[in-house]
Structure formats: structure tokens, C-alpha cells
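Report on the structure given below.
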Amino acid sequence: MAAGTPARDWDPRSTSSVRAALLAGFAIVFGLWLLWGYELVRSLQQIERNVSSVHESEVRGEQTLSKIRTNVLLGSIYLRDALIDGATARRDTYRNELTVLRDEVERLLHAYVPEVASPEERDHWARLQVELGDYWASRNVALTEQAKTPDEAAALLRSRVVPRRDTVLQILDQLAALQFGANERHEQEIDLLYRRVRTRLVSMGFATLVVALFVAVMASRHVNRLQHQIERQRGIEQHNREDLERLSARLVDVQEQERRTLARELHDEVGQALTAIKMDIGIALRADVDSRVRNALEEARDISETTLRSVRDMSQLLHPSVLDDFGLPATLTTYLRNFSQRTGIRAQLAETMETRLAPEIEVCVYRIVQEALSNVAQHSRATACTVTINSGGGFLRLIVEDNGRGVGAIANTLAGGRGLGLIGMRERAQALGGTFTIADREGTGTIVVVTLPLGAADADGDAAGEDAVDAAVRRAG
């Protein structure tokens, strides 16, 4: 993304509306699936009830017809036996048996006939009841009339009982045929119900699938849109971060240039002016003046001497000229000596450098050491510190250690960007493509490790540099 290119605003209202639409779509799909499942269960239960009802009706009808047929045939056998037997004493026994058969048939009819739904079947059942009444009435006639001979008994059976029995059996056959037809119709109705349920379920499933696909497409589009927005936002943030890093590096350069200019002005202009004043005061003191004037001149000379020393110290703090003249090791040696004298903290330098570094790297290391030792003096309560510098493998490694109380949990907070001094150290290192870390040492104290690329490999110092960094990391835990 080019600098200055405006990014399209991310409207939260549109995102909320899309999210609400997706949630509504998923809710509709879920509701359709629930409805589909409910309809499936309800339809299956209805089919099961219909099948069970039809099956139960078929079984009861078949059992009723079979029982009536059996009782009618048994009644015919009992009548035949009674007529052939001819004994009056045993006729009551036959009459009782026939009564039991008749009562059982009537009980079955009273229980089953009210459940018959077909008008045609009802007519046949009504005829059956009439014919059964005539049949049972013929029983009484046959049992009350006395047959003289077997031929007469047979004639009585053929004329009175057999026709009634045959009529009843014909009606039973007709009812069986009607029940068979009704069963076939019921099976057809059940098949039709199955087909309707299957069609309805397939339609609902298809509609649910269409809605689910639509919601999936919308969700995919929304996710892609969010991904593009996130990537665009990430690009903007990356661009802003790079701009801030460039600006920070530029500010550091401008700051160093301004410090160098101020240091030179203090050294060349103010320092020389104070030196001239000091020399003029010395010349005036060699003249013959009274004691009062001499005291004033001596006081002025002391003030100019103190001011000149302060200006020189300030010039060295702003930008030490020894750094440009003699390099980093000599500058740090002088700075650590002055630091020990000023704070009482024992400081030492360990360096393995063979060549002079680039000016920007020397300035960066010097400023980081300044800030690190300032933190040691202000916060660590340490009694000793060590600055280690080595180069090798194309990198410069700076390690600052102390034996103070350490940073503990505060180190993470400061390193996260809330300490201005640490921000400056990190930005200086990052401006040159390096890294900056701060942590507690193993035991007590704090360790600061800075790695800067040199741009040229130094194979001779590689092993020593790596060993020093590894040892520092092990001490940091």
C-alpha cells in the first residue's frame, strides 16, 4: 500500500448487520432441520399407528369370521348327532352345547360389528346376524321334532338345518372377500401415505439444503471479506510501523546531529570564550591591584574555571569528541571511569574488537551504554557492572550486566514499551536492523543484550562472540 493511500473505512454497522443476517440464516437452517426431524418422527408415528390399526383390525376380523365359521360347523355336527342319537335324555346336553356356541357367536358379533366402517360390510354383517338367528332357530325345531328313523333325521337336516348353514357360510365367505379387499385398500392407503411422507420429507430436506448452501455461501463471503479487511488493516499497520521506524531512525539521526552541533558550539565557541576570559583574569591578577580587586578577580577566575569544566562535561555528554577521534573502546573506557567516580559503582569494560566500527554503530552502542548505565545507577542498587563488546560473524554484540536487584516482572512491562529509556534503546537497535532484550540474570541483577549487524562477516571473532552471548543468555536464565 502506497504511503498516503486512504483505506476504506470499516463500517461496524455493516459488519453487525452481516453478522445478524448470518446468525438469522443459521437459525433458520437449524429450525428447518428441527422441523424436518419433527415431521419425520410425526409421520413415522402416524404410519406406525395406521399400520398397527389396520393389522389389528385385520386380525380381529379374521379371528371373528374364523370363530363364527367354526361354531356354525360345530353346531351342525351337534344337531346331526342329536338327531341321529334320538335319545331324549341327551338332547339337553346337545342343546346346552349349542347354546354355548350361539352365545359365543353373539358376543363376538356385538364386539366386532360396531367397529366396521364400510357400509357394504355392515350390510353383510347385518344379513349374517339375521341368518344366524334363523340358523339357531332351526336348532330348536330340530331338537323339538322327533325323527322316527335315520332317514327322517337326514331329511330334517337337509330341509331345516343345512340350508341355513350354507347361507351363513356363504355370507362368511362374502365377508372374508370383503375383508380381503378392505385389507388391500388399507395397504394401498398406507403405501400412498408412505409416498406422501417421503415426498414431503424430501421437499423439506431439499429446501433445508438450499437454505444451508445459501447461508454457507454468505458465511464464506463474509469470512473472505473479513479476511481481506484484516489483511488490509494489517498492511496499514505494517506500513505505519515502518513509517514510525523510519521516523524514529530519522529523529535519532537528527538528535545526534543536533547534539554534535551543540557539543561543537559549546567546545569551540563557549569553551574558547571562557578560556579567553580565564586568561584575561590571569593577566589582570599579575598586575598591581589592591586586595579588594584581587579577591574579585580570583572569584571570577574560579567561576570561569568551574563554568569551563561544566561546559566541557556537557559537551562530552552531548557528543564526546573522543568517540570521533579514538573510537568506541577508548570512549567507553573513559565513560566507565567517570561513571565509577560519579556513582561509586565499580564498572569495567571487556571488548574484543579488531577494527574501527561505522560511526552510526559507534554512536548507537555508546548511547545504549549511556542509558543502560543510567538505569543501573538509578534503579538497580548494584555495586558492580560489566560492559562486554565483541564482534564476529557479521554482528556486534553488546552485553551490559549488573549485580543489582533485577527487574523481575517490571522488565517485561518496560520492554513492552512503557519505559521511555528502554524505548529509546530498542529503537536505536532496531533502526540499525538489530535486536534488544532485557531480563533478570540467574541469581541477581539485570542483563541487557543488544545485537547489531555489521554488514561484513568477521569469521575470526565468530566463535568468541557466540560464546560470550551464550554465556550471557545462560546467566540470564
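Within the set R292, R260, R286, the sole residue that is in contact (Cβ under 8 Å) with a residue 12 or more places away in the chain and among the charged types (D, E, K, R) turns out to be R260.
Among the residues of segment 331-354, those identified as in contact with a Leu (Cβ under 9 Å, 6 or more places away or on another chain) and surrounded by 14 or more Cβ atoms within 10 Å (Cβ to Cβ) are T331, L332, T333, Y335, L336, F339, T343, I345, A347, L349, E351, M353.
Contact map, segment 27-54: first residue of a type in the set (F, W, Y), second residue modelled with pLDDT under 80 and open to solvent by less than 60 Å² (accessible area, probe 1.4 Å), Cβ cut-off under 7 Å, separation 6 or more or different chains; pairs are W33/T208; W36/L201; W36/M204; W36/G205; W36/T208. Take T437 and tell me if it is at pLDDT 75 or above, under 19 Å from V365 (Cβ atoms) and not aromatic (F, W, Y). Spelling it out, T437 is indeed at pLDDT 75 or above, under 19 Å from V365 (Cβ atoms) and not aromatic (F, W, Y).
Pairs linking a residue in segment 101-114 that is at pLDDT 80 or above to a residue that is open to solvent by 20 Å² or more (accessible area, probe 1.4 Å), with Cβ atoms under 7 Å and 6 or more positions apart or on different chains, are L101/L74; L108/K67; L109/Q129.
For segment 282-291, a tally of residues being open to solvent by 50 Å² or more (accessible area, probe 1.4 Å) and not in a helix (DSSP H, G or I) returns 2.
Scanning segment 313-329 for residues that are under 30 Å from S380 (Cα atoms), among the hydrophobic types (A, V, I, L, M, F, W, C) and in contact with a strand residue (DSSP E or B) (Cβ under 6 Å, 6 or more places away or on another chain) turns up nothing.
Can you tell me which residues in segment 366-376 are polar (S, T, N, Q) and crowded, with 20+ Cβ neighbours inside 10 Å? Can you show your working first?
Going residue by residue through segment 366-376, those that are polar (S, T, N, Q) are 370, 374-375.
Once the filter is applied, which keeps residues that are polar (S, T, N, Q) and crowded, with 20+ Cβ neighbours inside 10 Å, segment 366-376 yields only N375.
Exactly one residue out of M279, M314 is modelled with pLDDT under 80 and surrounded by 12 or more Cβ atoms within 10 Å (Cβ to Cβ): that is M314. Take the conditions (1) at pLDDT below 90; (2) open to solvent by 30 Å² or more (accessible area, probe 1.4 Å); G424 misses just one of them, which is (2).
Per the listing E189, E237, E184, the residue uniquely acidic (D, E), out of contact with any strand residue (DSSP E or B) (no Cβ under 7 Å at 6 or more places or on another chain) and more than 30 Å from V51 (Cβ to Cβ) is E237. Filtering segment 377-406 down to residues that are free of Cβ contacts under 8 Å to residues at least 40 places away in the same chain and of a type in the set (A, V, I, L, M, F, W, C), which residue is least open to solvent (accessible area, probe 1.4 Å)? Among those residues, the one meeting the criterion is A384.
Criterion first (open to solvent by 10 Å² or more (accessible area, probe 1.4 Å) and of a type in the set (A, V, I, L, M, F, W, C)) does V363 satisfy it? In short, yes.
Residues in segment 90-141 that are more than 25 Å from R80 (Cβ to Cβ), surrounded by fewer than 16 Cβ atoms within 10 Å (Cβ to Cβ) and β-branched (V, I, T): V113 only. One residue stands out among those in segment 175-231 that are more than 30 Å from A20 (Cβ to Cβ) and β-branched (V, I, T): the one that is least open to solvent (accessible area, probe 1.4 Å), which is V197. Are any of the residues in segment 38-54 open to solvent by 70 Å² or more (accessible area, probe 1.4 Å), among the hydrophobic types (A, V, I, L, M, F, W, C) and on the phi < 0 side of the Ramachandran plot? Among the residues of segment 38-54, at least one is open to solvent by 70 Å² or more (accessible area, probe 1.4 Å), among the hydrophobic types (A, V, I, L, M, F, W, C) and on the phi < 0 side of the Ramachandran plot, which makes the answer yes. Being over 42 Å from the mean Cα position of the chain (by Cα) and either within 30 Å of E305 (Cα to Cα) or touching a residue at least 12 places away in the same chain (Cβ under 8 Å) (or both) is a condition met by no residue of segment 231-251.
The values are calculated or read from the model by the stated rules, or taken from the named source; none is laboratory data. Since this is a predicted model, take the numbers as computed values, not measurements. Counting neighbours? That spans all protein chains shown, and the Cβs are built from the backbone with ideal geometry, glycine included. Areas reflect the complete protein model, heavy atoms only, side chains present, ligands, DNA and RNA absent. Shrake-Rupley method; radii C 1.70, N 1.55, O 1.52, S 1.80 Å.
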